[in-house]
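See structure below.
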Amino acid sequence: MKIIVMFGTRPEAIKMAPVIIELKKNPAFDVRVCFTGQHKDIALPFMELFGIVPDFKFTLENSNLSGAVAEMLQQSHALFEAEKPDLILVQGDTNSVLAASLTAFYHHVKVGHIEAGLRTHNKFSPFPEEMNRLLTTRLADLHFAPAEQSKQNLLNEGVPEKDIFVTGNTVIDALRLMTVKLEENKAFSDDLKARFPFVAEGKPFILLTGHRRENQDGGLVNISRALKEIAGKHPGVQIIYPVHPSPAVRGQVMPILEGAAQIHLCDPLDYPTFIQLLQKCEFVMTDSGGVQEEAAALGKPIVLMRESTERPEIMQMTPTITVGSDAAKIIDAADVMLEGKIDRSKLNPDLLGKGDSAKQISEAIMSSLG
Ligand code: UDP
């Protein structure tokens, strides 16, 4: 069976790497990897970290949604014509996922959708990801749901139960693989020490990521102002914020936070550094999907800078306070976290799996062969 694994962004690279590693162990699968070019600069290093080199790469000229999707449709068409895969695998909710799945449908190629069934039930939030998920569900043949709730969402939309596999989330596999690499190779901790000496000294810090489109309409300004206040109220606490390269993000964050006391702005971090910071921080402030999942699996409390989450399991995995981008709520939540007033009873950090999701996906594909 010829399988093409498609990916285009940083989270897809992280969540697909364990799947590619697992599929390549099975001689029944002829596995090829295609990079759609969606996140030109920040996606590929994550695959390289796991020793994966794409067999095919698209080149995108357009940055607007329609133009980029059109280019991915055309280039997927050429790829599927030439390679004639039996199955493509897509992950999550990006434009790459939608474009590849739609082209696969045109070519009568089966689609396996990893991280299927996440829903906010608001078609504009997250935008355009919620619609990408809905449409991909209609196009997919195999649905790999990370948890029971996502399976239920798929059932509610009429997806046949036999086509749904609850596998956990492969982000946990990636986290486990990375944790092993960190233990084996001291160079990673040396690098962290050189970049963030206060972390190596055991000083308390908050790790923050914020870049989603929903927060780019003023939300990031509120978040940045709140961070300054948090730093002022808690002079012993540092804040590390890897700022997404998008000009829309930098334009709001940098003017407020550049040079601010205790606030350490940096470029997006490599995965080994980011995971070490996650392991060591007091808590995480984020609007990211993948960071929520990783923090929850590590039992790190989360201040969630979104109005809601399509990952309800997170709340049952780790203490979580949902604040949107309201500055007062963000500051209050940080107080609660730093004062340790959090309830850790009734939590289960394994709700998104224990790191064997890729294996389960590989087995499900094998069983689908009949
Ligand atoms: N990440 C990273 N370095 C950073 C910020 C994030 O390696 O500076 C990783 C993080 O561990 C997670 C993924 O990027 O696995 C999340 O990506 P992002 O927030 O862009 O996407 P989302 O998950 O919201 O779709």
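Evaluate the following for Ile4: is it hydrophobic (A, V, I, L, M, F, W, C) and within 16 Å of the ligand (Cβ to nearest atom)? So Ile4 does not fit the description; no. Every residue in region 271-297 that is outside any helix (DSSP H, G or I) and either among the aromatic types (Phe, Trp, Tyr) or more than 11 Å from the ligand (Cβ to nearest atom) (or both), please. The answer is Cys281, Glu282, Phe283, Met285. The residues of region 60-108 that are of a type in the set (S, T, N, Q) and either under 22 Å from the mean Cα position of the chain (by Cα) or closer than 15 Å to Met6 by Cβ (or both), listed by number, are Ser63, Asn64, Gln74, Gln75, Ser76, Gln91, Thr94, Asn95, Ser96, Ser101, Thr103.
Is it fair to say Pro301 is more than 24 Å from Gly218 (Cα to Cα) and either at pLDDT 95 or above or basic (Lys, Arg) (or both)? So Pro301 fits the description; yes. Filtering region 298-310 down to residues that are touching a residue at least 40 places away in the same chain (Cβ under 8 Å) and among the charged types (D, E, K, R), which residue is farthest from the ligand (Cβ to nearest atom)? The qualifying residue farthest from the ligand (Cβ to nearest atom) is Glu307.
Within region 20-51, can you find the residues that are aliphatic (A, V, I, L, M), in a loop (DSSP other than H, G, I, E, B) and crowded, with 20+ Cβ neighbours inside 10 Å?
Selection gives Ala43 alone.
Among the residues of region 57-69, write down those that are touching a residue at least 12 places away in the same chain (Cβ under 8 Å) and either out of contact with any Phe, Trp or Tyr (no Cβ under 8 Å at 6 or more places or on another chain) or polar (S, T, N, Q) (or both). Within region 57-69, Thr59, Leu60, Leu65, Ala68, Val69 qualify. Within region 342-360, no residue that is closer than 22 Å to Thr320 by Cα sits with its Cβ atom under 6 Å from a residue that is surrounded by 13 or more Cβ atoms within 10 Å (Cβ to Cβ) and among the aromatic types (Phe, Trp, Tyr) at 6+ positions apart or across chains. Going by the conditions given, is Ile342 touching a strand residue (DSSP E or B) at 6+ places or on another chain (Cβ under 9 Å), away from the ligand (no atom under 15 Å from the Cβ) and within 30 Å of Ile3 (Cβ to Cβ)? So Ile342 does not fit the description; no. Is one or more of the residues making up region 121-138 farther than 30 Å from Lys162 by Cα and out of contact with any helix residue (DSSP H, G or I) (no Cβ under 8 Å at 6 or more places or on another chain)? No, region 121-138 contains no residue that is farther than 30 Å from Lys162 by Cα and out of contact with any helix residue (DSSP H, G or I) (no Cβ under 8 Å at 6 or more places or on another chain). Among the residues of this structure, Pro245 counts as one that is under 22 Å from Ala43 (Cβ atoms), surrounded by fewer than 15 Cβ atoms within 10 Å (Cβ to Cβ) and not aromatic (Phe, Trp, Tyr).
Scanning region 186-216 for residues that are within 18 Å of Leu265 (Cα to Cα), open to solvent by 70 Å² or more (accessible area, probe 1.4 Å) and within 14 Å of the ligand (Cβ to nearest atom) yields a total of 1. Taking (1) in contact (Cβ under 8 Å) with a residue 12 or more places away in the chain; (2) outside any strand (DSSP E or B); (3) more than 10 Å from the ligand (Cβ to nearest atom); (4) open to solvent by 30 Å² or more (accessible area, probe 1.4 Å) in turn, Leu265 satisfies each apart from (2).
Looking across region 304-339, the residues that are modelled with pLDDT under 95, of a type in the set (D, E, K, R) and crowded, with 18+ Cβ neighbours inside 10 Å come down to Arg306, Glu310. Every listed requirement among (1) more than 22 Å from Gly219 (Cβ to Cβ); (2) at pLDDT below 95; (3) aliphatic (A, V, I, L, M) is met by Ala261 save one, (2).
Looking only at residues in region 212-241 that are of a type in the set (Asp, Glu) and assigned to a helix (DSSP H, G or I), the one that is farthest from Ser308 (Cα to Cα) is Glu229. Looking across region 213-254, the residues that are touching a Pro at 6+ places or on another chain (Cβ under 8 Å) and under 23 Å from Glu201 (Cα atoms) come down to Gly236, Val237, Gln238, Pro242.
Region 55-158 holds strands (runs of 3 or more DSSP E) entirely within its bounds, and those carrying 1 or more residues that are within 16 Å of the ligand (Cβ to nearest atom) and open to solvent by less than 10 Å² (accessible area, probe 1.4 Å) map to 87-91, 110-114.
The values are calculated or read from the model by the stated rules, or taken from the named source; none is laboratory data. Computed from a predicted model, the values in this text were never measured in an experiment. Counting neighbours? That spans all protein chains shown, and the Cβs are built from the backbone with ideal geometry, glycine included. These accessible areas exclude ligands, DNA and RNA; they are computed on the full protein's heavy atoms, side chains included. Shrake-Rupley method; radii C 1.70, N 1.55, O 1.52, S 1.80 Å.
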